[in-house]
Amino acid sequence: MSSQAVTPRRLTALILPVCLAGLGVLIAAGYAFATTAHTGRELIGLAALTAAATLAERFPVPINAETGGGVLSLTFVFAVAAIVLFGWAPGALLLLTATSLVQLAQHRPLQRIAFNVAVLALVALAAGALIAPIHGHGVGALVARVVLAATADNVVNIVLISAAIALSSGQPYLQLMRTHVRATIVPFAFMASAALMLVVLWERAPVLSVALVGPLLAIALYQRSTHRALRAMRLALTDPLTGLGNHRHFHERLQRELLSAEEQARPLTLCFVDIDDFKKINDRYGHPSGDRVLSQVATRLRQGGEAYRLGGDEFALLFVDHDEGMALAAANSIVERIATVDFDHIGTVTVSAGLATFPMQGHGRDELIRLADSALYWAKEHGKNRVRLYRPEVVELSELKRLAAGPDKAARYRAAASLAKAVDARDTYTGSHSERVGELSAKVATRLGLGAEQVELTRLAGSLHDLGKLAIPEEILRKPGTLTDSERLVLERHPQIGFRMLDSLGVDPVADLVLHHHERWDGTGYPDGLRGEQIPLGARIIFVTDAYDAMTSDRIYRPKRSTQAALVELERCAGTQFDPGIVAAFAEELGQSSSLEAAPALAS
């Protein structure tokens with residue numbers, strides 16, 4: 001099982017010993033309290049502090065209101081005062097009474113109540129142990145006892161509560177510790193100061209100390225009302241399921257960060273993340289399981305940067321001061337981390353991510369969003385479970401996807417044709433190979449007597465015949481030596497990849513011509529082994545013109561051939577590899593003699 005996976009057994013391994021230790025401490029505290037003589041004044045004072053602590057526990061003070069953090073209870077103040085004034089045992093019993101009464105009334109899970117009470121019992125014991133060696137009634141001794149008791153309370157709480165949260169959520173323990181220390185150090189310092197005031201007033205006159213309880217509780221209630229107002233504002237910008245910022249919050253924050261990045265001349269990378277095959281998770285396991293996946297993925301995204309849920313299974317992260325390289329490393333880390341998580345009965349889940357960086361690529365908010373979305377689409381279409389940086393051809397493909405939903409067929413064809421430049425930029429040809437193949441194919445189609453529409457479709461298919469190579473690794477496309485069998489199998493997938501790209505985007509029948517442009521006349525080609533006139537006419541034309549341009553272009557692994565030598569090779573392979581009639585028509589188009597007669601238009 002992955003180290004990221006959360007198991008109940010690991011959490012129980014923490015809760016059980018803490019609860020047993022806490023129970024032992026409480027039994028010892030009860031025995032110590034029962035066997036120690038107490039004055040009436042002490043019992044009344046302890047009862048008053050317990051009542052105040054219970055009231056404070058009922059109305060805790062929120063912290064980190066802006067980010068939805070936790071709460072602190074002024075019970076801390078009264079507990080520290082009780083430990084310093086009366087000893088650790090009365091302090092432990094005060095915490096037991098205040099915490100258990102309130103949390104039982106709130107119907108919290110018994111396991112959680114037991115753990116919280118046990119932690120507080122250990123807090124009291126640790127505080128008592130720290131202050132026991134300090135004797136005397138001077139100001140210095142009094143301050144030292146309060147500071148040590150308060151420190152013990154804070155440290156034990158953070159150590160044990162952070163461990164429980166880390167084991168239940170899968171978050172890094174040390175990171176949680178640092179977060180909790182930063183969030184609580186200032187409030188704890190103020191409450192330690194209030195505890196010191198309470199102890200000093202109690203030693204002077206208990207009645208005066210009671211007067212301090214009112215202002216402390218008033219502060220708590222005021223803070224709660226302020227927190228409610230801030231929380232209402234935060235909820236308007238928060239996704240309720242995951243706790244991440246919502247769509248509105250994302251757009252507002254992105255705009256602010258872009259303005260800041262522009263003013264300070266620093267990079268900002270936008271990362272879009274999408275859960276792979278999330279619909280299948282919902283369909284197979286139900287929406288409650290899907291919601292749990294969303295929540296757990298959100299937790300991992302929160303660890304990687306400033307995360308937002310845009311809707312459904314779509315998320316966004318902002319990498320401030322991250323250039324392309326830094327953002328790519330961070331995004332890859334997130335994708336790899338999520339892929340190793342065991343989501344209980346669902347198993348593993350993967351995500352895909354797309355990146356775009358300001359100012360190298362996008363400038364405005366809408367442009368950066370469009371580029372990152374295009375990169376994400378690319379990652380989803382070409383294997384999933386990966387990160388993709390923005391590239392120009394990705395934008396064209398995204399635009400083609402958008403146009404596919406519209407009625408303008410000519411616009412779809414123009415957008416598709418612009419991808420040819422991106423293909424040639426990655427392949428080993430010099431110049432505009434795809435454009436040349438498209439032009440040659442259109443000329444042959446015209447010579448064969450095809451109609452104007454068929455000529456244009458053939459031209460477009462010729463320019464897009466290698467579209468699928470956008471998904472082929474460059475180390476295969478640019479390999480100077482002979483390809484291995486596995487590398488050749490990968491390369492031979494490019495017709496199917498190109499077909500899927502085009503077929504799903506509404507540019508049929510161009511997609512069919514691209515799919516079959518490597519079928520051989522004798523039936524030994526790929527992908528479907530079509531023979532003779534089973535092969536679409538446009539695909540047969542493209543096969544000839546593609547081979548000709550490949551032979552007459554410089555490649556990494558060989559120099560180009562002359563026009564005459566290329567035609568000789570075409571004629572040699574006519575009847576086996578190529579359609580003889582198309583080879584003859586092509587030779588005539590180039591003004592070269594051929595031993596083959598030009599054929600009339602063939603049925604497609």
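Considering only region 577-591, state which residues are assigned to a loop (DSSP other than H, G, I, E, B) and closer than 15 Å to GLN564 by Cα.
Of all residues in region 577-591, those assigned to a loop (DSSP other than H, G, I, E, B) come to 577, 579, 590-591.
Across region 577-591, the qualifying residues are LEU590, GLY591.
I'd like the full set of residues that are among the small types (Gly, Ala, Ser), part of a strand (DSSP E or B) and over 16 Å from ARG388 (Cβ atoms), limited to region 306-318.
Initial filter on region 306-318 (among the small types (Gly, Ala, Ser)): 307, 311-312, 316.
Now restrict to residues that are part of a strand (DSSP E or B): 307, 311, 316.
Selection gives ALA307, GLY311.
Of these, ASP321, ASP283, which one is under 20 Å from VAL387 (Cα atoms), over 14 Å from the mean Cα position of the chain (by Cα) and either open to solvent by 40 Å² or more (accessible area, probe 1.4 Å) or among the hydrophobic types (A, V, I, L, M, F, W, C) (or both)? Before the answer, list the steps.
Details: ASP283 fails: under 20 Å from VAL387 (Cα atoms).
Residue meeting the stated conditions: ASP321.
Mind listing whichever residues of region 374-384 are open to solvent by 10 Å² or more (accessible area, probe 1.4 Å), out of contact with any strand residue (DSSP E or B) (no Cβ under 6 Å at 6 or more places or on another chain), assigned to a helix (DSSP H, G or I) and at pLDDT 75 or above?
Of all residues in region 374-384, those open to solvent by 10 Å² or more (accessible area, probe 1.4 Å) come to 376-377, 380-384.
Filter again for out of contact with any strand residue (DSSP E or B) (no Cβ under 6 Å at 6 or more places or on another chain), leaving 377, 381-383.
Pick out the ones that are also assigned to a helix (DSSP H, G or I) and you get 377, 381.
Residue satisfying the conditions is TYR377 alone.
Is one or more of the residues making up region 261-280 open to solvent by less than 20 Å² (accessible area, probe 1.4 Å), among the β-branched types (Val, Ile, Thr) and outside any strand (DSSP E or B)?
no
Identify, please: which residue in region 542-563 is open to solvent by 20 Å² or more (accessible area, probe 1.4 Å) and part of a loop (DSSP other than H, G, I, E, B) and is, among those, nearest to HIS517 (Cα to Cα)?
Selected residue: THR552.
Which of the residues that make up region 564-580 are surrounded by fewer than 21 Cβ atoms within 10 Å (Cβ to Cβ) and either closer than 18 Å to THR446 by Cα or among the charged types (D, E, K, R) (or both)?
GLU569, GLU571, ARG572, PRO580
Is it the case that region 101-119 has a residue that's surrounded by fewer than 22 Cβ atoms within 10 Å (Cβ to Cβ) and more than 47 Å from the chain's Cα centre (by Cα)?
Scanning region 101-119 turns up no residue that is surrounded by fewer than 22 Cβ atoms within 10 Å (Cβ to Cβ) and more than 47 Å from the chain's Cα centre (by Cα).
Filter region 37-57 down to the residues that are touching a Pro at 6+ places or on another chain (Cβ under 9 Å) and over 23 Å from GLN106 (Cβ atoms), then identify the one that is surrounded by the most Cβ atoms within 10 Å (Cβ to Cβ).
Selected residue: GLY45.
Are there any pairs with C-beta distances below 7 angstrom linking a residue in region 247-270 that is free of Cβ contacts under 8 Å to residues at least 40 places away in the same chain to a residue that is open to solvent by less than 70 Å² (accessible area, probe 1.4 Å), with the two at least 6 apart or on different chains, and if so which?
ARG248/LEU237
Here's a check for you: in region 468-486, which residue that is β-branched (Val, Ile, Thr) and modelled with pLDDT of 80 or more is surrounded by the most Cβ atoms within 10 Å (Cβ to Cβ)?
Going through region 468-486, the residues β-branched (Val, Ile, Thr) turn out to be 472, 476, 482, 484.
If we keep only those that are modelled with pLDDT of 80 or more too, we end up with 482, 484.
On the way: THR482: 8, THR484: 11.
Within region 468-486, the match that is surrounded by the most Cβ atoms within 10 Å (Cβ to Cβ) is THR484.
Say we look at region 423-450 and pick out the residues that are in contact with an Asp or Glu (Cβ under 8 Å, 6 or more places away or on another chain), of a type outside the set (Ser, Thr, Tyr) and under 14 Å from THR552 (Cβ atoms); which of these is modelled with the lowest pLDDT?
GLY431
Looking at region 499-520, can you tell me whether even one residue there is under 30 Å from PRO559 (Cβ atoms), at pLDDT 80 or above, out of contact with any His (no Cβ under 9 Å at 6 or more places or on another chain) and β-branched (Val, Ile, Thr)?
Looking for residues that are under 30 Å from PRO559 (Cβ atoms), at pLDDT 80 or above, out of contact with any His (no Cβ under 9 Å at 6 or more places or on another chain) and β-branched (Val, Ile, Thr), one finds none in region 499-520, hence no.
Output the residue which, of all residues in region 434-467 that are of a type in the set (Ser, Thr, Tyr) and buried (at least 19 other Cβ atoms within 10 Å of the Cβ), is nearest to ILE582 (Cα to Cα).
Quick first cut of region 434-467, residues of a type in the set (Ser, Thr, Tyr) only: 434, 441, 446, 458, 463.
Filter once more, so that each one left must be buried (at least 19 other Cβ atoms within 10 Å of the Cβ): 434, 441, 458, 463.
Details: SER434: 19, SER441: 10, THR458: 14, SER463: 18 Å.
For region 434-467, the residue satisfying everything is SER441.
Is there any pair linking a residue in region 431-449 that is at positive phi to one that is of a type in the set (S, T, N, Q) and in a loop (DSSP other than H, G, I, E, B), with Cβ under 8 Å and at least six apart or on different chains, and which?
GLY431/SER553
Can you name the condition, by its number, that ILE134 falls short on among (1) touching a residue at least 40 places away in the same chain (Cβ under 8 Å); (2) touching a Lys or Arg at 6+ places or on another chain (Cβ under 8 Å)?
With respect to (1) touching a residue at least 40 places away in the same chain (Cβ under 8 Å); (2) touching a Lys or Arg at 6+ places or on another chain (Cβ under 8 Å), ILE134 is out only on (1).
Can you confirm whether ALA547 is touching a Cys at 6+ places or on another chain (Cβ under 9 Å) and of a type in the set (Gly, Ala, Ser)?
Details: touching a Cys at 6+ places or on another chain (Cβ under 9 Å): yes; of a type in the set (Gly, Ala, Ser): yes.
Answer is yes for this residue.
Residue-by-condition table, conditions (1) outside any helix (DSSP H, G or I); (2) basic (Lys, Arg); (3) closer than 30 Å to ASP239 by Cβ; (4) at pLDDT 90 or above:
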residue	(1), (2), (3), (4)
LEU26	no, no, no, yes
ILE44	no, no, no, no
LEU49	no, no, no, no
THR67	yes, no, yes, no
PHE76	no, no, no, no
ALA79	no, no, no, no
LEU96	no, no, no, yes
LEU101	no, no, no, yes
LEU120	no, no, no, yes
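The values are calculated or read from the model by the stated rules, or taken from the named source; none is laboratory data. For clarity, every value in this text was computed on a predicted model and none was experimentally measured. Virtual Cβ from ideal backbone geometry, glycine too; neighbours counted across all protein chains shown. Calculation scope for accessible area: heavy atoms of the full protein, side chains included, ligands and nucleic acids excluded. Shrake-Rupley method; radii C 1.70, N 1.55, O 1.52, S 1.80 Å.
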